[in-house]
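Visitor: Here it is, the structure, as C-alpha coordinates.
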Amino acid sequence: ESSVSTQAAAVRLLGGETIDDTFIAQNGSSYSMSNVYMESGEYAAGITIHTTGDVTITIDGPVGIASGVLFKIEQVGSLTIENKSNYKVESTENTPGAGWVDGMFQIDGTNKGTVTVNGGVYESLNYQWRCPFKIYGGTVYLNNATVKTSANAVYVENADVTIDGGKYTEKTNENHPTLAIVSGTLTVKNAKVFNEAENSGVYVVNGTCNITDAEITSNGVVVKITGGICNIYGGEFTGIGGYVPISNNNATMNIHGGTFEGLGTVISVAGTGTTTIDETADKTVIRCSDKEVTYVKAGIRS
(Lines give C-alpha, C1' and ligand atoms only; values in the text may rest on other atoms or scores of the structure.)
Protein backbone atom coordinates (compact mmCIF):
# COMPACT_ATOMS: atom_id res chain seq x y z
CA GLU A 1 0.00 0.00 0.00
CA SER A 2 1.40 3.44 -0.87
CA SER A 3 0.22 6.99 -1.10
CA VAL A 4 1.00 9.24 -4.05
CA SER A 5 0.56 13.02 -3.95
CA THR A 6 0.19 14.93 -7.18
CA GLN A 7 0.37 18.62 -7.89
CA ALA A 8 -1.28 20.21 -10.89
CA ALA A 9 1.08 21.80 -13.38
CA ALA A 10 1.13 25.58 -13.44
CA VAL A 11 -1.11 27.05 -16.13
CA ARG A 12 0.82 28.80 -18.88
CA LEU A 13 -0.11 32.46 -19.33
CA LEU A 14 -0.16 33.58 -22.96
CA GLY A 15 -0.92 37.28 -22.48
CA GLY A 16 -4.17 39.18 -22.27
CA GLU A 17 -5.58 37.14 -19.37
CA THR A 18 -7.39 38.73 -16.45
CA ILE A 19 -6.77 36.68 -13.33
CA ASP A 20 -9.89 37.21 -11.27
CA ASP A 21 -11.86 34.99 -8.89
CA THR A 22 -13.59 33.22 -11.80
CA PHE A 23 -10.30 32.59 -13.61
CA ILE A 24 -8.80 31.11 -10.44
CA ALA A 25 -11.83 28.87 -9.90
CA GLN A 26 -11.36 27.48 -13.42
CA ASN A 27 -7.55 27.32 -13.60
CA GLY A 28 -6.15 27.28 -10.08
CA SER A 29 -3.82 29.89 -8.61
CA SER A 30 -0.39 28.83 -9.93
CA TYR A 31 0.81 30.06 -13.33
CA SER A 32 3.96 30.29 -15.41
CA MET A 33 5.31 32.68 -18.06
CA SER A 34 8.03 32.40 -20.70
CA ASN A 35 8.69 33.72 -24.19
CA VAL A 36 9.01 30.07 -25.21
CA TYR A 37 5.23 29.81 -25.02
CA MET A 38 4.79 32.60 -27.60
CA GLU A 39 5.07 32.06 -31.37
CA SER A 40 6.19 35.68 -31.83
CA GLY A 41 8.96 35.29 -29.26
CA GLU A 42 7.52 37.76 -26.75
CA TYR A 43 4.21 38.74 -25.20
CA ALA A 44 1.86 40.92 -27.24
CA ALA A 45 -0.25 41.77 -24.18
CA GLY A 46 0.24 41.74 -20.44
CA ILE A 47 -1.60 40.19 -17.51
CA THR A 48 -4.25 41.92 -15.39
CA ILE A 49 -4.77 40.73 -11.82
CA HIS A 50 -8.02 41.53 -10.00
CA THR A 51 -8.77 39.08 -7.23
CA THR A 52 -9.01 38.78 -3.49
CA GLY A 53 -7.19 35.45 -3.71
CA ASP A 54 -3.55 34.42 -3.65
CA VAL A 55 -1.64 34.04 -6.92
CA THR A 56 1.81 32.64 -7.79
CA ILE A 57 3.47 33.25 -11.15
CA THR A 58 6.72 31.43 -11.91
CA ILE A 59 9.01 32.89 -14.56
CA ASP A 60 10.15 29.81 -16.52
CA GLY A 61 12.32 31.64 -19.04
CA PRO A 62 13.00 35.09 -20.48
CA VAL A 63 9.85 37.24 -20.74
CA GLY A 64 9.46 40.31 -22.95
CA ILE A 65 6.65 42.65 -23.92
CA ALA A 66 6.78 45.06 -26.86
CA SER A 67 4.46 47.69 -25.37
CA GLY A 68 2.07 48.27 -22.52
CA VAL A 69 1.99 46.99 -18.96
CA LEU A 70 3.31 43.48 -18.35
CA PHE A 71 1.66 43.07 -14.93
CA LYS A 72 -1.25 45.34 -14.04
CA ILE A 73 -2.22 44.62 -10.45
CA GLU A 74 -5.55 46.19 -9.61
CA GLN A 75 -6.34 44.09 -6.58
CA VAL A 76 -4.87 40.97 -5.01
CA GLY A 77 -4.74 39.11 -1.71
CA SER A 78 -1.13 38.17 -2.37
CA LEU A 79 0.90 37.87 -5.55
CA THR A 80 4.26 36.10 -5.64
CA ILE A 81 6.54 36.34 -8.68
CA GLU A 82 9.10 33.54 -8.50
CA ASN A 83 12.15 34.18 -10.68
CA LYS A 84 14.91 32.49 -8.73
CA SER A 85 16.77 31.45 -11.89
CA ASN A 86 17.18 35.16 -12.66
CA TYR A 87 15.60 35.15 -16.10
CA LYS A 88 15.38 38.51 -17.83
CA VAL A 89 11.99 40.24 -17.86
CA GLU A 90 11.99 43.26 -20.14
CA SER A 91 10.02 45.91 -21.93
CA THR A 92 11.35 46.43 -25.43
CA GLU A 93 9.15 49.46 -26.08
CA ASN A 94 10.83 52.26 -28.02
CA THR A 95 7.99 54.73 -28.41
CA PRO A 96 9.23 58.30 -28.96
CA GLY A 97 7.77 61.32 -27.23
CA ALA A 98 7.18 62.43 -23.69
CA GLY A 99 4.65 61.66 -21.01
CA TRP A 100 4.46 59.67 -17.82
CA VAL A 101 3.58 56.19 -19.06
CA ASP A 102 2.87 53.08 -17.07
CA GLY A 103 5.40 50.73 -15.57
CA MET A 104 6.25 47.18 -16.55
CA PHE A 105 4.80 46.30 -13.15
CA GLN A 106 1.99 48.70 -12.31
CA ILE A 107 0.39 48.29 -8.90
CA ASP A 108 -2.71 50.44 -8.64
CA GLY A 109 -3.69 52.49 -5.64
CA THR A 110 -6.79 50.34 -5.27
CA ASN A 111 -4.61 47.36 -4.31
CA LYS A 112 -4.44 46.70 -0.57
CA GLY A 113 -2.73 43.31 -0.82
CA THR A 114 0.87 42.11 -0.86
CA VAL A 115 3.13 41.68 -3.88
CA THR A 116 6.45 39.81 -3.57
CA VAL A 117 9.07 39.53 -6.32
CA ASN A 118 11.81 36.96 -5.69
CA GLY A 119 14.85 37.29 -7.93
CA GLY A 120 15.10 38.09 -11.61
CA VAL A 121 16.54 40.72 -13.96
CA TYR A 122 14.11 43.47 -14.98
CA GLU A 123 15.08 45.80 -17.81
CA SER A 124 13.51 48.77 -19.56
CA LEU A 125 16.23 50.59 -21.44
CA ASN A 126 14.82 51.75 -24.76
CA TYR A 127 12.25 54.29 -23.68
CA GLN A 128 12.99 56.91 -21.06
CA TRP A 129 9.50 56.89 -19.50
CA ARG A 130 9.09 53.15 -18.98
CA CYS A 131 9.51 52.51 -15.26
CA PRO A 132 10.01 48.83 -14.31
CA PHE A 133 8.20 49.08 -10.94
CA LYS A 134 5.54 51.77 -10.58
CA ILE A 135 3.81 51.28 -7.25
CA TYR A 136 0.74 53.22 -6.14
CA GLY A 137 -0.65 50.98 -3.41
CA GLY A 138 -0.32 47.90 -1.26
CA THR A 139 2.70 46.28 0.39
CA VAL A 140 5.52 45.29 -1.94
CA TYR A 141 8.70 43.26 -1.37
CA LEU A 142 11.46 43.24 -4.00
CA ASN A 143 13.97 40.56 -3.00
CA ASN A 144 17.36 40.20 -4.71
CA ALA A 145 16.19 41.71 -7.99
CA THR A 146 18.41 43.34 -10.61
CA VAL A 147 16.75 46.33 -12.26
CA LYS A 148 18.16 48.36 -15.17
CA THR A 149 16.21 51.27 -16.58
CA SER A 150 16.18 54.51 -18.51
CA ALA A 151 13.62 55.85 -16.02
CA ASN A 152 12.97 55.34 -12.31
CA ALA A 153 13.79 51.76 -11.39
CA VAL A 154 11.21 51.99 -8.59
CA TYR A 155 8.60 54.72 -8.10
CA VAL A 156 6.58 54.72 -4.85
CA GLU A 157 3.39 56.61 -4.08
CA ASN A 158 1.04 55.79 -1.18
CA ALA A 159 2.56 52.32 -0.75
CA ASP A 160 4.84 50.41 1.61
CA VAL A 161 7.81 49.08 -0.36
CA THR A 162 10.81 47.08 0.89
CA ILE A 163 13.86 46.48 -1.28
CA ASP A 164 16.06 43.73 0.15
CA GLY A 165 19.28 43.04 -1.72
CA GLY A 166 19.74 43.29 -5.46
CA LYS A 167 21.04 46.02 -7.75
CA TYR A 168 19.18 49.03 -9.19
CA THR A 169 20.65 51.14 -11.99
CA GLU A 170 19.45 54.17 -13.97
CA LYS A 171 21.50 54.11 -17.13
CA THR A 172 20.86 57.24 -19.20
CA ASN A 173 21.45 60.96 -18.95
CA GLU A 174 17.74 61.64 -18.52
CA ASN A 175 16.24 63.30 -15.48
CA HIS A 176 15.31 60.24 -13.45
CA PRO A 177 16.33 59.26 -9.92
CA THR A 178 16.96 55.53 -9.59
CA LEU A 179 14.61 55.12 -6.60
CA ALA A 180 11.90 57.73 -6.04
CA ILE A 181 9.28 58.10 -3.31
CA VAL A 182 6.69 60.87 -3.18
CA SER A 183 4.56 59.41 -0.36
CA GLY A 184 4.30 56.22 1.67
CA THR A 185 7.31 54.27 2.94
CA LEU A 186 10.40 53.00 1.11
CA THR A 187 12.86 50.71 2.89
CA VAL A 188 16.17 49.84 1.21
CA LYS A 189 18.31 47.11 2.79
CA ASN A 190 21.61 45.59 1.62
CA ALA A 191 21.07 46.77 -1.96
CA LYS A 192 23.34 48.44 -4.51
CA VAL A 193 21.89 51.56 -6.13
CA PHE A 194 23.61 53.40 -8.97
CA ASN A 195 22.70 56.44 -11.06
CA GLU A 196 24.88 56.83 -14.14
CA ALA A 197 23.21 60.13 -15.00
CA GLU A 198 23.49 63.40 -13.08
CA ASN A 199 20.54 62.55 -10.87
CA SER A 200 19.83 61.00 -7.49
CA GLY A 201 20.32 57.45 -6.40
CA VAL A 202 17.44 57.95 -3.96
CA TYR A 203 15.00 60.86 -4.19
CA VAL A 204 12.53 61.49 -1.35
CA VAL A 205 9.84 64.11 -1.96
CA ASN A 206 7.60 63.19 0.96
CA GLY A 207 6.91 60.07 2.97
CA THR A 208 9.51 58.06 4.85
CA CYS A 209 12.66 56.42 3.49
CA ASN A 210 14.71 53.99 5.59
CA ILE A 211 18.14 52.97 4.27
CA THR A 212 20.14 50.20 5.97
CA ASP A 213 23.60 49.00 4.89
CA ALA A 214 23.09 49.95 1.24
CA GLU A 215 25.73 50.99 -1.30
CA ILE A 216 24.49 54.04 -3.20
CA THR A 217 26.61 55.77 -5.86
CA SER A 218 25.67 58.59 -8.20
CA ASN A 219 27.06 61.07 -10.70
CA GLY A 220 24.54 63.47 -9.16
CA VAL A 221 23.15 63.81 -5.65
CA VAL A 222 23.37 60.43 -3.94
CA VAL A 223 20.41 60.96 -1.57
CA LYS A 224 18.16 63.98 -2.11
CA ILE A 225 15.30 64.84 0.26
CA THR A 226 12.72 67.52 -0.40
CA GLY A 227 10.22 67.11 2.40
CA GLY A 228 9.62 63.91 4.32
CA ILE A 229 11.94 61.84 6.50
CA CYS A 230 15.04 59.81 5.67
CA ASN A 231 16.66 57.52 8.23
CA ILE A 232 20.08 56.06 7.41
CA TYR A 233 21.49 53.09 9.32
CA GLY A 234 24.97 52.48 7.94
CA GLY A 235 26.07 51.89 4.37
CA GLU A 236 28.22 53.62 1.76
CA PHE A 237 27.10 56.81 -0.02
CA THR A 238 29.47 57.95 -2.74
CA GLY A 239 29.19 60.99 -5.01
CA ILE A 240 31.43 60.61 -8.05
CA GLY A 241 30.29 63.84 -9.73
CA GLY A 242 30.64 67.39 -8.53
CA TYR A 243 27.30 67.48 -6.72
CA VAL A 244 26.62 67.46 -2.99
CA PRO A 245 26.16 63.75 -2.15
CA ILE A 246 23.57 64.28 0.61
CA SER A 247 21.06 67.11 0.08
CA ASN A 248 18.35 67.96 2.62
CA ASN A 249 15.83 70.62 1.66
CA ASN A 250 13.00 71.28 4.13
CA ALA A 251 13.12 67.69 5.40
CA THR A 252 14.33 65.56 8.30
CA MET A 253 17.37 63.33 8.01
CA ASN A 254 18.68 61.08 10.78
CA ILE A 255 22.08 59.45 10.27
CA HIS A 256 22.98 56.42 12.39
CA GLY A 257 26.37 55.44 10.99
CA GLY A 258 27.68 55.06 7.45
CA THR A 259 30.35 56.42 5.13
CA PHE A 260 29.60 59.55 3.08
CA GLU A 261 32.05 60.70 0.43
CA GLY A 262 32.11 63.57 -2.06
CA LEU A 263 34.38 66.01 -3.88
CA GLY A 264 33.25 69.10 -1.99
CA THR A 265 30.53 69.69 0.58
CA VAL A 266 29.26 66.26 1.56
CA ILE A 267 26.06 67.02 3.52
CA SER A 268 24.00 70.13 2.84
CA VAL A 269 20.90 71.39 4.66
CA ALA A 270 18.60 74.09 3.28
CA GLY A 271 15.37 75.79 4.29
CA THR A 272 13.75 74.28 7.37
CA GLY A 273 15.64 71.01 7.01
CA THR A 274 17.34 69.29 9.94
CA THR A 275 20.08 66.68 9.78
CA THR A 276 21.04 64.79 12.93
CA ILE A 277 24.09 62.56 13.26
CA ASP A 278 23.63 60.00 16.03
CA GLU A 279 26.81 59.95 18.09
CA THR A 280 25.73 56.72 19.77
CA ALA A 281 26.03 54.87 16.47
CA ASP A 282 29.21 52.84 15.95
CA LYS A 283 30.75 55.21 13.42
CA THR A 284 29.88 57.81 10.82
CA VAL A 285 32.63 58.80 8.37
CA ILE A 286 32.40 61.89 6.18
CA ARG A 287 35.09 62.24 3.49
CA CYS A 288 35.51 65.49 1.58
CA SER A 289 38.24 65.02 -1.04
CA ASP A 290 41.28 64.08 1.08
CA LYS A 291 39.80 65.27 4.36
CA GLU A 292 37.99 62.98 6.73
CA VAL A 293 35.79 63.57 9.73
CA THR A 294 34.73 60.64 11.91
CA TYR A 295 31.81 60.86 14.32
CA VAL A 296 32.12 58.36 17.15
CA LYS A 297 30.43 57.87 20.49
CA ALA A 298 32.94 60.13 22.20
CA GLY A 299 32.37 63.02 19.82
CA ILE A 300 34.17 64.22 16.71
CA ARG A 301 37.58 63.31 15.36
CA SER A 302 39.17 65.13 12.45
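The values are calculated or read from the model by the stated rules, or taken from the named source; none is laboratory data. Since this is a predicted model, take the numbers as computed values, not measurements. Please note: Cβ atoms are built from the backbone with ideal geometry, for glycine as well, and neighbour counts cover all protein chains shown. All accessible areas refer to the heavy atoms of the entire protein, side chains included, with ligands and DNA or RNA removed. Shrake-Rupley method; radii C 1.70, N 1.55, O 1.52, S 1.80 Å.
Visitor: Based on the alpha-carbon gyration tensor of segment 207-264 and its eigenvalue square roots a ≥ b ≥ c, which shape applies: rounded if a/c is under 1.5, prolate if not and a/b is larger than b/c, or oblate?
Guide: Numbers: a/c = 2.09, a/b = 1.23, b/c = 1.70.
Here segment 207-264 falls in the oblate category.
Visitor: Any idea what the dipole of the chain comes to, in debye rounded to 20, about its Cα centre with Lys/Arg Cβ at +1 and Asp/Glu Cβ at -1?
Guide: Numbers: 18 positive and 31 negative charges, 143 e Å.
So the magnitude is around 680 debye.
Visitor: Something else about it: Lys and Arg at +1, Asp and Glu at -1: add these up for the other residues within a Cβ distance under 12 Å of GLY207 and post the number. Before the final figure, lay out the partial values.
Guide: Details: positive: none; negative: GLU157, ASP160.
Once all neighbours under 12 Å are counted, the net charge is -2.
Visitor: Give me a comma-separated list of calculated 3J(HN,Hα) values for segment 204-219, in order, Karplus coefficients 6.51, -1.76, 1.60 applied at θ = phi - 60°, integers in Hz, x for any Gly or Pro.
Guide: 10, 8, 8, x, 10, 10, 10, 10, 10, 6, 9, 10, 10, 10, 8, 6
Visitor: Let me ask something additional. Mean-square fluctuation check for the chain, GNM, Cα pairs under 10 Å: which of CYS131, CYS230, CYS288 is largest?
Guide: CYS288
Visitor: Segment 1-88: which trypsin sites (Lys or Arg not before Pro) are DSSP loop and have at most 12 other beta-carbon atoms within 10 angstrom? Walk me through the intermediate numbers first.
Guide: Values: sites: ARG12, LYS72, LYS84, LYS88; in loops: LYS84.
The qualifying sites are LYS84.
Visitor: Moving on. Only bridges with both residues in the chain count here: give the DSSP antiparallel percent, nearest 5. All intermediate terms of the calculation are to be shown ahead of the outcome.
Guide: Values: 8 of 127 bridges.
Bridges in the chain are about 5 percent antiparallel.
Visitor: Now for a separate question. Mind telling me which of SER40, SER29, SER183 comes out most flexible in a GNM of the chain, alpha-carbon contacts under 10 Å?
Guide: SER40
Visitor: If you don't mind, another one. What is the percent carbon and sulfur in the accessible area of the chain, measuring with a 1.4 Å probe over the protein chains and ignoring ligands? It would help to have the intermediate numbers written out before the result.
Guide: On the way: 5850 of 13050 Å².
Using a 1.4 Å probe with all protein chains present, the chain comes out at 45 percent carbon and sulfur.
Visitor: Under a 5 Å amide H to amide H cut-off, with H placed in plane at 1.01 Å, what residues pair with ILE19 once short-range neighbours are removed?
Guide: Hits under the 5 Å cutoff: THR48, ILE49, HIS50.
Visitor: What does the extension gain come out to for THR110 and THR162, with contour length at 0.36 nm per residue minus their alpha carbon separation?
Guide: Working: separation 52, 0.36 × 52 = 18.72 nm, distance 1.89 nm.
Gain in length upon complete extension: 16.8 nm.
Visitor: Right, next: If you take the square roots of the eigenvalues of the alpha-carbon gyration tensor of the chain and sort them as a ≥ b ≥ c, do you get rounded (a/c under 1.5), prolate (a/b over b/c) or oblate? Mind showing how you got there, number by number?
Guide: On the way: a/c = 2.34, a/b = 1.92, b/c = 1.22.
Cα axes put the chain in the prolate bin.
Visitor: Continuing with the same structure: In nm, to one decimal, how far is the modelled label at GLU39 from the one at ASN27, with both set 7 Å along Cα→Cβ?
Guide: Here the modelled spin labels are 1.9 nm apart.
Visitor: Give the lysines reachable from LYS88 as a straight Cα distance under 16 Å; neighbours fewer than 8 places away on the same chain don't count.
Guide: LYS148, LYS167
Visitor: Using a 1.4 Å probe, what is the accessible area per residue for the chain, in Å²?
Guide: Values: 13050 Å² over 302 residues.
Result: 43 Å² of accessible area for each residue.
Visitor: How much net charge surrounds PRO62 when only other residues with a Cβ under 9 Å from its Cβ are counted (Lys, Arg +1; Asp, Glu -1)?
Guide: Working: positive: LYS88; negative: GLU42, GLU90.
Counting the neighbours of PRO62, the net charge comes to -1.
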